[in-house]
Structure formats: structure tokens, C-alpha cells
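The values are calculated or read from the model by the stated rules, or taken from the named source; none is laboratory data. This one's a predicted model, so the numbers in the text were calculated from it and none came from an experiment. Ideal geometry is used to build each Cβ from the backbone, glycine not excepted, and the neighbour counts take in all protein chains shown. The protein model used for the area step is the full one, side chains on, heavy atoms only, and it has no ligands, DNA or RNA in it. Shrake-Rupley method; radii C 1.70, N 1.55, O 1.52, S 1.80 Å.
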Amino acid sequence: MHTTTKTSSRQLLLLFLSILVLAGFFVGFGVPLVSSEGMIIRARLVEGELPTGPEDAAWAKVSPMTLPLSGQVITRPVWPEPTARALTVRSLHNGTEIAFLLEWQDNTKNDRLTPGTFRDGVAIGLPLGDAPAFFCMGQLDHYINIWHWKADWQSDIDRRAAKTSEKPRDGVRTFEVIPRRVSSVEDLIGGGFSTLTTKEKQGRVQGKAAWKGGVWHVVMRRPLVSEEQENEAKLIPGRVQTVSFAVWNGENKERNGQKAVAPWFQLVIDPVVKL
């Protein structure tokens, strides 16, 4: 009896030490440790207008959720070593709109798309049906609505706004060909790899971003009520649904499927309480 107890204690000790070593390994590589209980992202109900940009003080009142990111290794070309290791998520809604603040470390700002260079970006994935589809690009009969914020699109919008407010110097105005963007977020539908399709109507999902001190701060927001029954994710207060994320680092030549991913997590949208 004494021998059995001693053996069990030794096994428990070895298990505990193994967990500590594994935890140290993940922390050393910048992967945050989270519990399964903590993998719920809450869209907190607030009154009034939602913040349109990342600098708004309202975000400081929201508890952040830090999600671990891993490489995309499901389809070729695989990307097992992305540079982004964690994504911080906050969310608010006011019964009319929902907004997400996404933040991650990126030591270089890549907001111009030219031959041989690539953009920074981040995406939110929301299933179109009740059951979650494959988190990267969806699958046949289980489609996914993807909101893809692109740093170069944000740069286009910001530069055009600056040009509009700019006063001509010495009566001479300089011109720059800047694409007209209705949003820095592309609204997409995916039904599996190589099926990604841009929705005909754009601008429902709006984006605003800032890069400061090696960190991207990106806000994406959309009306809660869906305009399209089949091609727009339903966001219903009081409902628990799933959400996934992806991050691209242009400096690391990440694009398309070469990205960091965070598979399905639970998204809880606070119910609207009528007084």
C-alpha cells in the first residue's frame, strides 16, 4: 500500500513538472496561456455611439481577451512560423451596431502594396449558418463571412482624406492617384479554399486603424441587423456564436493562406435589456 501511494505521488509530480516545462516552452515563444473557460469573447452592451477609432477612451473600459495565434498548416503552401503570436480582442455593441478592437504586435508598418511587397492585415471570420464551418475559408454548404481589414486600403482612405483637407501651396495643388475606397475592410464570402469571393455590396463593415510603437490597433464595426439573409453573418444580441481570426505580416511576406490563425472561439453578444 505504501509502495503504491509513493508511485502515484511520483507520477503526479512528474506530470506537474511536465506541465511546467510545457508552459515555459509556450511562454518562451510568446504564446499566451489561457484556460478553456476563458475562451469566450464578450461583446459588451453600452449606451450611445460606439467608438469609431482605436484611440477612443471607451475601449479602456473593456477587458481584453488575448488569443493565441498559430501557423496555417492545413493547406499548401503551409505557414508554420508566422511572426504574430497573439491577438488581443475587445468588443462592444449598442443594440444597433457592433465593434471589435483587434491589437497585435508588428514591428514594421506595411501599408503600401507594390510589386514584391505585401500588406499587413487582419480578418474576422463568422459562420453564415448555425454550425461553424472550417475556420480558414469555410467549406462547401458551410460558408463563412470574412471581414478582411487591409493596411494599404486604410492608407488609401487616410491619404485621400488628408488630400481633401489640404490647402494648395502658392496656388499650386499637387495631385496623386489614390483609389476611392468605401471602407478599409473587404467584405467576403468563403466556401472552401480557392473560393473566396468579394461581396457585390461593400461598405457595410467599416474599419479604422492606427499603428503605434510596433503595435497595430484596428477597429471594425458593422450594423447588427443583417441586410442579406444568405451572404451576411447574423449578429444577434443574447446569442452565443462562433468567431475566428487571422493576421498577416507583410514584412514576413505573408499573404493569402500564409498567415497566423486563431480558430473558432465563442462570441457572446450581451442581450439588449428593455426597461
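Length gain on complete extension for the stretch SER165 to THR52, per 0.36 nm per residue less the alpha carbon to alpha carbon distance?
Working: separation 113, 0.36 × 113 = 40.68 nm, distance 1.98 nm.
Difference between extended and current length: 38.7 nm.
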| said: For HIS217, what accessible surface area do you get with a 1.4 Å probe? Give it in Å², rounded to 10. | reply: 40 Å²
| said: Please give me the summed charge of the neighbours of THR83: other residues whose Cβ is under 9 Å from its Cβ, Lys and Arg +1, Asp and Glu -1. | reply: -3
| remark: In this structure, the FRET efficiency calculated for ARG76 and ALA210 from their beta-carbon separation, with R0 = 25 Å, to the nearest 0.05, is 0.10
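Got a sec? What order do LEU128, LEU102 fall in by accessible area at 1.4 Å, biggest, i.e. largest, first? Write down the numbers at each step before the final one.
Working: LEU128 35, LEU102 0 Å².
Sorted by accessible area, descending: LEU128, LEU102.
State the extension gain, in nm to one decimal, for the chain segment bounded by THR108 and ARG180, taking 0.36 nm per residue of separation less the distance between their alpha-carbons.
On the way: separation 72, 0.36 × 72 = 25.92 nm, distance 2.51 nm.
So the extension gain works out to 23.4 nm.
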| request: Pull out the extension gain between LEU45 and GLU200, defined as 0.36 nm times the separation in residues minus the alpha carbon to alpha carbon distance; nm, one decimal. | output: 52.7 nm
| request: On the full set of protein chains, 1.4 Å probe, figure out the accessible area of ARG221 and give it in Å² to the nearest 10. | output: 30 Å²
| query | Roughly speaking, to the nearest percent, how much of region 177-242's 1.4 Å accessible area is carbon and sulfur? | reply | 55 percent
